[in-house]
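Okay, structure first, notes after.
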2 protein chains.
Amino acid sequence: MKAIVYVTIKENVLDPQGTAVQGALHTMGFGDVGKVRIGKYLELTLDTTDRAQAEEQVKAMCEKLLANTVVEDYRFELEG
Amino acid sequence: MKAIVYVTIKENVLDPQGTAVQGALHTMGFGDVGKVRIGKYLELTLDTTDRAQAEEQVKAMCEKLLANTVVEDYRFELEG
């Protein structure tokens with residue numbers, strides 16, 4: 001089974017990396033660019049076919065390691 | 001208009017960050033985890049309503065700044 005995890009910075013938390021990219025894009029002539037927010041995209045393969053168990057495991061991984069839940073949100077999808 | 005950009009490391013390129021996360025997950029008891037690949041997830045707002053123009057602009061941004069096309073792939077979606 002495959003899990004796709006999206007980790008994003010919470011809406012009310014500053015994203016300096018996004019701000020830097022926005023500035024660079026403006027400098028390069030892409031003046032139409034407004035807000036830029038940068039997060040992480042993770043693909044994990046799991047050696048299990050039990051969907052409920054996979055969901056529970058991925059949730060635990062996100063809470064414990066993949067996301068810093070103080071400043072980040074996460075969501076995930078399971079495939080296969 | 002909003003653009004969601006996914007930047008991922010090409011299949012045949014090593015992902016040391018992914019390997020480190022995989023090792024950490026194993027150490028934490030998540031033995032079911034196989035391959036881990038880590039990419040970037042970007043949300044951009046664009047001050048345009050012209051979908052074709054937005055598509056062209058986001059493609060140019062990816063090629064020139066957001067992705068290193070030697071070792072990374074990208075794909076994007078437009079919303080709104």
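The values are calculated or read from the model by the stated rules, or taken from the named source; none is laboratory data. In this text the structure is predicted, and so the values were computed from the model without any measurement. Virtual Cβ from ideal backbone geometry, glycine too; neighbours counted across all protein chains shown. Surface areas here come from the heavy atoms of the whole protein model, side chains and all, with no ligands, DNA or RNA. Shrake-Rupley method; radii C 1.70, N 1.55, O 1.52, S 1.80 Å.
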Query - Prolate/oblate/rounded label for the range A:35-78 (Cα gyration tensor, a/c 1.5) - result: prolate
Requested in this report: Take every residue in peptide B:27-36, count the Cβ atoms of other chains within 10 Å of its Cβ, and give the average of those counts.
Outcome: 6
Requested in this report: Could you tell me which of B:I38, B:Y6, B:G18 has its Cα farthest along the dipole of the range B:2-79 towards the positive end, charges placed at Cβ (Lys, Arg +1; Asp, Glu -1), taken about the Cα centre?
Outcome: B:G18
Query raised in the report: Just the C-alpha atoms of the protein assembly as shown: what Rg/Rh do they give, with Rh taken as the Kirkwood radius?
Result: 1.00
Requested in this report: Convert each backbone phi in the range A:55-65 into a coupling constant with the Karplus relation 6.51 cos²θ - 1.76 cosθ + 1.60 (shift: θ = phi - 60°), then list the ³J(HN,Hα) values in order as whole Hz, x for Gly and Pro.
Outcome: 4, 5, 5, 5, 4, 5, 4, 5, 5, 8, 9
Query raised in the report: Can you give me the relative contact order of chain A as a percent, contacts being Cα pairs under 8 Å and 6 or more apart?
Result: 53
**Report entry** For the range B:1-25 and the range A:38-80, distance of Cα centres in Å
**Finding:** 14
Report task. In whole Hz, with x marking every Gly and Pro, tabulate ³J(HN,Hα) for the range B:18-24 from phi via Karplus 6.51 cos²θ - 1.76 cosθ + 1.60, θ = phi - 60°. Result -> x, 5, 5, 5, 4, x, 5
**Report entry** Estimated 222 nm signal from helices in chain A, with DSSP H stretches of n ≥ 4 weighted -39500 (n - 2.57), rounded to 500
**Finding:** -9000 deg cm²/dmol
Report summary line: Across B:60-67, the residue-averaged tally of Cβ atoms belonging to other chains within 10 Å stands at 3
Report task. Can you sort A:T45, B:T19, A:T8 by 1.4 Å-probe accessible area, starting with the largest? Result -> B:T19, A:T45, A:T8
Query - Straight-distance crosslink candidates among lysines, where the alpha carbon sits under 28 Å from A:K2 and sequence neighbours closer than 8 are dropped - result: A:K10, A:K40, A:K59, A:K64, B:K2, B:K10, B:K35, B:K40, B:K59
Query raised in the report: Other chains near A:1-11: what is the mean number of their Cβ atoms within 10 Å of each residue's Cβ?
Result: 2
Report task. Rounded to whole Å, how close does chain B get to the rotation axis onto A by Cβ? Give me the residue too, please? Result -> B:Y41, 2
Query raised in the report: Tell me, what are the semi-axes, in whole angstrom and largest first, of the equivalent ellipsoid of chain B as set by the roots of 5 times the Cα gyration tensor eigenvalues?
Result: 32, 14, 8
Query raised in the report: How large is the dipole of chain B about the Cα centre if only Lys and Arg carry +1 and Asp and Glu carry -1, each at its Cβ, rounded to the nearest 20 debye?
Result: 240
